[in-house]
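Participant: Quick one: this structure, given as structure tokens, is what I'll be asking you about.
Bear in mind these aren't lab numbers, they're just calculated from the coordinates by the rules spelled out. Just so you know, these numbers come straight off a predicted model, no measurement behind them. Using ideal geometry, Cβ is built from the backbone for each residue, glycine included, and neighbour counts are taken over all protein chains shown.
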Amino acid sequence: MRKTMIVAVREYLVSVKTKAFVIGLLMMPLMMGGSILVGALMEGRVDTKDKRIAVVDSTGRLFEGLDAAARQRNDSAIFQGEGAARKQTLPRFVLEKVDTGTTDMQRLSLQLSDRIRKGELMAFVLIGPDVIDAGKAPGQSTLDYYSNTPTYNDARQWLTGVLNEQIQQLRLEGAAFDPKVVRQLTQRLPVGNLGLTEMDASGNIIRAVETNQAANFLVPFAMMFLMFMVIMATTTPLLNSTLEEKTQRIAEVLLASIPPFELMVGKLIGIVGVSLTMATVYLTGAYAALNRAGYAQFFPWQSIWWFLGFLCLAVLMYGSIFIAIGAAVSDMKEAQSMMTPVMLMVVSPMFVLQYVIREPASTLSLMMSLFPPATPMLMIIRQTIPPGIPVWQPILGAVLVILMSLVCVFAAGRIFRVGILMQGKGAKISEMFRWALRG
Amino acid sequence: MIRRQMNVVEIENVTKTFGQHVAVNSLTLAVPQGSIYGFIGPNGSGKTTTLRMIMRIYHPDPGAGAIRVLGEMSTTAASDRVGYLPEERGLYKKMKVSEVLRFYAQLKGHRNPNPLIRSWLDRMGLLEYSDKKVEVLSKGMSQKVQFISAVLTEPQLVILDEPFSGLDPVNADVLREAVLELRRKGTTVIFSTHDMAVAEKMCDFIFMIYKGNKVLDGTLNSIQDRYGQDTVRVRVEGDNFDARTIPGVEKVNDFGRLQELRMTPNTNSQMLLSELMKRGRVEHFELTRPSLHDIFVRIARPTAEAMLSTEQSGAAHA
């Protein structure tokens, strides 16, 4: 056991001292800090140059209102801050009325397109003559926006809103309705999204709180993604380190001092330590970030121990498989092909993620989360989505994963023992199974 | 009981097979305490397999004999009292020299190896590399680091697989001196080598394994006695001198200035001398026993082709 721990400590220190590990740890705060920083920098640097938009109004009744709305927007809606801090953050929309005259629409469209190419205009709108006629089907009346900057959507969205409002108003007036009354009558009401009403210890009924849709979705997803990331970041390097010990003949020196099974278990313990370190750093960072933003109540304290427990088991399960592959192959190229099926197993929870998040309590979700390779990640998702799951489910899942991990560790131990001293060509998968079964 | 105390390693009738390949066949061997025991034999003949079995990295075929190391029969744990230098260097490239040595020493159960590491690095002239990564070391340096890792914890038995291969004469001398000092302190040393001159000069006992079978085992004297005084070293000045044409000469090893002639049994050495004198001016004539080199070649050469194929099939295991 002492020797196992010596191996574990070395594996741990070597892993946490690598550049990749330190960079991986710094990545999250860097990315978070980076996006905030970039956001802050970009905010002052929006392109506020005027956007000129030509409007061809075949109805002759829409431009006035549109232009008025544009002027109103330019006077108020494009600024942020008050007083001296008032700053323009969005570009002005400057509309230009184009008369149809005698030119036909096709030619006019070409002329305006040419002006966009020359940079005189940003876009133009063609308003068909029948758009106000409510009797026409939507496909027949045309309202078209032309530009060569299809990803800039602000102007099109603004035009859509303002034009529709005006057309609606004109239609209502045409039908002799009072638009004001109609608006009031057709106003939509939001539907509240609440949790359950509870009773506190003294018998008072506590009003249910508004649930946070984003948090309900994001927390389970973040937990699963964190587990996935830590598993990938810590177990795959085991393949490399085992392969190094094999090809550099370090294994022979080690095996002269420690039996193969103890050596492998030592490596696994070291890597479990690495993954716990990584998870702790990330969870602490996530809590600090949530706390700072005032969302500390969304931190999933209730499933944190399950998370760490399942993480350890997943690392043992996958780590032992990667060690076995590292011991059986003779170079990285051979390892790649064997890694594919294992990788598929690791990412398998991702395929059913959407379904499990939508219906965490269904029988199918339960069955899938009891499939050992997927258990750690799916169980955590189902636990963190309110109202959670009965406690026997994660316990059963954990028992199955422990059994699976034991099988993996023992099989890997046998493959490791045979493979680690083999030189020359690597083993086939069939050979690996034979070693695992016969020992 | 007395014998067990005297022999550090006792191998009794041990066989080791890999699939169809018999790497070691019914081997019996005893290594006395305090001796230097040389293992020789062609590549792929079973040397490394035997050494690995003594190290308990490999286990003999079940039911086929037993290996007792330092009096222990254990089949699982590798002994902390045995040091091992494998044939190919096994050091973590990204670790510092002193870290690797500390790690290996701790694995051998040593709790505070730092002072020993310093003194050994100093002795091997590597003190300035203590904090350097292994990957910057030259081949000779990493060989010496590997040697230190084998002897650092003062084991009672040291097993060295090809310790001198690829070393320049200066470093070879340093290592040889270190091995001899181990013996002076009472450590038993087993080493394998392809250098027959080294084996002749250093080893108290020589063991040769060929195709998995023991073919020689004993002191150099006892081995040479088995072959008798059938060898003559000569230097003859003369044009077109060709010793192979002389009757009674079975084989000629031409070393350039010196030639080694092996006589057929019942050849009179005086007759040979007079034959030589007829052919040229004899400057050197020495009646001697065959060298270890010659004995090795006599055993291994007849089936050189077969050896080549054993080497290939055995490469995966040896």
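Participant: 7 Å from Cα along Cα→Cβ at both A:Phe79 and A:Asn240: what's the point-to-point distance in nm?
Facilitator: 5.6 nm
Participant: Taking only the alpha-carbon positions of region B:10-66 and ignoring solvent, what does the Debye formula give for the base-10 log of I(q)/I(0) at q = 0.17, 0.29 Å⁻¹?
Facilitator: Computed log10 I(q)/I(0) values: -0.53, -1.39.
Participant: Tilt of helix B:269-279 relative to the longest C-alpha principal axis of chain B, in degrees (0 to 90, nearest 10)?
Facilitator: In chain B, helix B:269-279 runs at an angle near 70 degrees to the longest axis.
Participant: Net charge near B:Gly90, counting Lys/Arg +1 and Asp/Glu -1 over other residues with Cβ under 12 Å of its Cβ?
Facilitator: Values: positive: A:Lys246, A:Arg249, B:Arg89, B:Lys93; negative: A:Glu244, A:Glu245, A:Glu252, B:Glu87, B:Glu88, B:Asp161.
Result for the local shell: -2.
Participant: Moving to a separate point now. Over 27 Å between C-alpha atoms is what I'm after, so list which of B:Lys144/B:Lys185; A:Lys3/B:Lys93; A:Lys19/B:Lys108; B:Lys139/B:Lys214; A:Lys3/B:Lys94 land there.
Facilitator: Numbers: B:Lys144/B:Lys185 20 Å; A:Lys3/B:Lys93 21 Å; A:Lys19/B:Lys108 30 Å; B:Lys139/B:Lys214 32 Å; A:Lys3/B:Lys94 21 Å.
Distance filter (> 27 Å) returns A:Lys19/B:Lys108; B:Lys139/B:Lys214.
Participant: For region B:1-112, take every pair of Cα atoms, bin their distances at 5 Å starting from 0, and report each bin as a whole percent.
Facilitator: 2, 10, 18, 20, 19, 14, 10, 5, 1, 0
Participant: Just rank A:Val281, B:Val145, A:Val418, fewest to most, by other beta-carbon atoms within 10 angstrom.
Facilitator: Working: A:Val281 15, B:Val145 23, A:Val418 19.
Fewest-to-most ranking of A:Val281, B:Val145, A:Val418: A:Val281, A:Val418, B:Val145.
Participant: Going through region B:103-140, which trypsin sites (Lys or Arg not before Pro) have at most 16 other Cβ atoms within 10 Å and a DSSP loop state? If you can, show how the numbers build up before the last one.
Facilitator: Values: sites: B:Lys108, B:Arg111, B:Arg118, B:Arg123, B:Lys132, B:Lys133, B:Lys139; in loops: B:Lys108, B:Arg111, B:Lys132.
Sparse-neighbourhood loop trypsin sites (Lys or Arg not before Pro): B:Arg111, B:Lys132.
Participant: Give me the three principal axis extents of the protein assembly as shown from the C-alpha atoms, as integers in angstrom, largest value leading.
Facilitator: 143, 79, 51
Participant: Run the simple label-point estimate for B:Arg233 and B:Thr245 please: 7 Å along Cα→C-beta, distance reported in nm.
Facilitator: Spacing of the two 7 Å Cα→Cβ label points: 2.7 nm.
Participant: Counting Lys and Arg as +1 and Asp and Glu as -1, each charge on the Cβ, what is the dipole of the protein assembly as shown about the Cα centre in debye, to the nearest 20?
Facilitator: Working: 81 positive and 69 negative charges, 205 e Å.
The dipole magnitude comes to about 980 debye.
Participant: May I pose another question? Can you pull the Kirkwood radius for chain B, inverse mean 1/r over Cα pairs, to one decimal in Å? Don't jump to the answer; show the numbers that get you there.
Facilitator: On the way: mean 1/r = 0.0461 Å⁻¹.
Evaluated on chain B, it is 21.7 Å.
Participant: Determine Rg/Rh for region A:213-438; Rg is computed over alpha-carbon atoms and Rh is the Kirkwood hydrodynamic estimate from the same atoms.
Facilitator: Working: Rg = 18.8 Å, Rh = 18.4 Å.
Reported Rg/Rh (Cα atoms, Kirkwood Rh): 1.02.
Participant: Can you give me the relative contact order of region A:49-177 as a percent, contacts being Cα pairs under 8 Å and 6 or more apart? The partial results should precede the final answer.
Facilitator: Numbers: 156 pairs, mean separation 40.0, N = 129.
Relative CO of region A:49-177 lands at 31 percent.
Participant: Still on this structure, please answer the following. Enumerate the residues in region B:135-153 having an amide nitrogen under 17 Å from the point lying 7 Å beyond the Cα of B:Glu177 toward its Cβ.
Facilitator: Those under the cut-off are B:141, B:144-145, B:147-148.
Participant: Could you list A:Thr277, B:Thr219, B:Thr193, B:Thr245 so that the one with the fewest beta carbons within 10 Å of its beta carbon is first and the one with the most is last? Mind showing how you got there, number by number?
Facilitator: Working: A:Thr277 17, B:Thr219 13, B:Thr193 22, B:Thr245 10.
The order, fewest Cβ neighbours first, is B:Thr245, B:Thr219, A:Thr277, B:Thr193.
Participant: A further question follows. At R0 = 35 Å, how high is the FRET efficiency between A:Asp47 and A:Leu308 if r is their beta carbon distance? Nearest 0.05 is fine. All intermediate terms of the calculation are to be shown ahead of the outcome.
Facilitator: On the way: r = 48 Å, r/R0 = 1.36.
My answer for the efficiency is 0.15.
Participant: Give me the compactness ratio for region A:359-439, meaning the Cα radius of gyration over 2.2 N^0.38 Å.
Facilitator: Relative to the rule-of-thumb radius for its length, region A:359-439 sits at 1.51.
Participant: Something else: Local charge sum around B:Tyr58 (other residues, Cβ-Cβ under 12 Å, Lys/Arg +1, Asp/Glu -1)?
Facilitator: Values: positive: A:Arg417, B:Lys16, B:Arg52, B:Arg56; negative: A:Glu252, B:Asp61.
Taking every Cβ under 12 Å from that of B:Tyr58, the sum is +2.
Participant: Among rounded, prolate and oblate, which fits region A:49-177 when a ≥ b ≥ c are the square roots of the eigenvalues of its C-alpha gyration tensor, a/c under 1.5 means rounded, and a/b larger than b/c means prolate? Please list the in-between numbers first.
Facilitator: Details: a/c = 2.26, a/b = 1.26, b/c = 1.79.
Here region A:49-177 falls in the oblate category.
Participant: Name the lysines eligible as straight-distance cross-link partners of A:Lys51: C-alpha to C-alpha under 24 Å, and not fewer than 8 places from it in the same chain.
Facilitator: Excluding near neighbours in sequence, the set is A:Lys87, A:Lys97, A:Lys118.
Participant: Now a separate question. For a label point 7 Å from the Cα of A:Tyr152 along Cα→C-beta, name the residues of region A:104-130 whose backbone N is under 18 Å from it.
Facilitator: So the set is A:112-126.
Participant: Placing +1 at every Lys and Arg Cβ and -1 at every Asp and Glu Cβ, with all other atoms neutral, what dipole size does region A:49-177 have around its Cα centre, in debye to the nearest 20?
Facilitator: Computed charge dipole of region A:49-177: roughly 480 debye.
Participant: Sort all Cα-Cα distances of chain A into consecutive 20 angstrom bins from zero, then give the percent of pairs in each bin up to the one containing the longest distance.
Facilitator: 19, 33, 28, 18, 2
Participant: So, in nm, how far is label B:Gln20 from label B:His284 when the simple model puts each one 7 Å beyond its Cα toward the Cβ?
Facilitator: Placing both labels 7 Å along Cα→Cβ, they lie 4.9 nm apart.
Participant: Roughly how far apart, in whole Å, are the Cα centres of region A:170-239 and region B:246-292?
Facilitator: So the separation of the two Cα centres works out to 103 Å.
Participant: Got a sec? How would A:Lys3, A:Lys180, B:Lys144, B:Lys251 order by Cβ neighbour count within 10 Å, fewest to most? Spell out each step's value before the answer.
Facilitator: Working: A:Lys3 21, A:Lys180 10, B:Lys144 24, B:Lys251 17.
Ranked by crowding around the Cβ, least crowded first: A:Lys180, B:Lys251, A:Lys3, B:Lys144.
Participant: Mind pulling the angle between the C-alpha long axis of helix B:169-184 and the longest principal axis of chain B? Nearest 10 degrees, somewhere in 0 to 90.
Facilitator: On a 0 to 90 degree scale, this one is about 70.
Participant: Between A:Glu198 and A:Met27, take the C-beta separation as r, use R0 = 45 Å, and let me know the FRET efficiency to the nearest 0.05. If you can, show how the numbers build up before the last one.
Facilitator: Details: r = 40 Å, r/R0 = 0.88.
Between A:Glu198 and A:Met27 the formula returns 0.70.
Participant: How big, on average over all directions, is the shadow cast by the Cα convex hull of region B:229-288, in nm²? Display every interim value, and only then the final one.
Facilitator: Numbers: hull surface 14.0 nm².
Its average projected convex-hull area is 3.5 nm².
Participant: In region A:142-184, what chymotrypsin sites (Phe, Trp or Tyr not before Pro) fall in a loop by DSSP, with at most 15 other Cβ atoms inside 10 Å?
Facilitator: Details: sites: A:Tyr145, A:Tyr146, A:Tyr152, A:Trp158, A:Phe177; in loops: A:Tyr152, A:Phe177.
Counting only loop positions with at most 15 other Cβ atoms within 10 Å, the chymotrypsin sites (Phe, Trp or Tyr not before Pro) in region A:142-184 are A:Tyr152, A:Phe177.
Participant: For region A:228-324, just list the percent of Cα-Cα distances falling in each 5 Å bin from zero outward, please.
Facilitator: 2, 13, 20, 19, 14, 11, 8, 6, 4, 3, 1, 0
Participant: Just need the relative contact order of chain A here, percent rounded to a whole number, with Cα pairs under 8 Å and 6+ apart. If you can, show how the numbers build up before the last one.
Facilitator: Values: 499 pairs, mean separation 72.0, N = 439.
Reported relative contact order: 16 percent.
Participant: A follow-up question, please. Counting each DSSP H run of 4 or more residues in the protein assembly as shown as -39500 (n - 2.57), what helix-only mean residue ellipticity at 222 nm follows after dividing by all residues, to the nearest 500 deg cm²/dmol? Let's see the in-between values first.
Facilitator: Working: 26 runs with 382 residues, N = 757.
For the protein assembly as shown, the value works out to -16500 deg cm²/dmol.
Participant: On C-alpha positions alone, give me the angle between the axis of helix A:154-174 and the longest principal axis of chain A, in degrees, nearest 10.
Facilitator: For helix A:154-174, the angle is close to 50 degrees.
Participant: Now, a different point. Which values, in whole Å and largest first, are the semi-axes of the equivalent ellipsoid of region A:127-248 obtained as the square root of 5 times each eigenvalue of the Cα gyration tensor? Let's see the in-between values first.
Facilitator: On the way: eigenvalues 591, 225, 17 Å².
Working from the Cα gyration tensor, I get semi-axes of 54, 34, 9 Å.
Participant: Then there is this: Near A:Pro259, within a Cβ-to-Cβ distance under 10 Å, what is the net charge of the other residues, with Lys and Arg +1 and Asp and Glu -1? Mind dumping the intermediate values first?
Facilitator: Details: positive: A:Lys3, A:Arg417, B:Arg56; negative: A:Glu262.
In short, +2.
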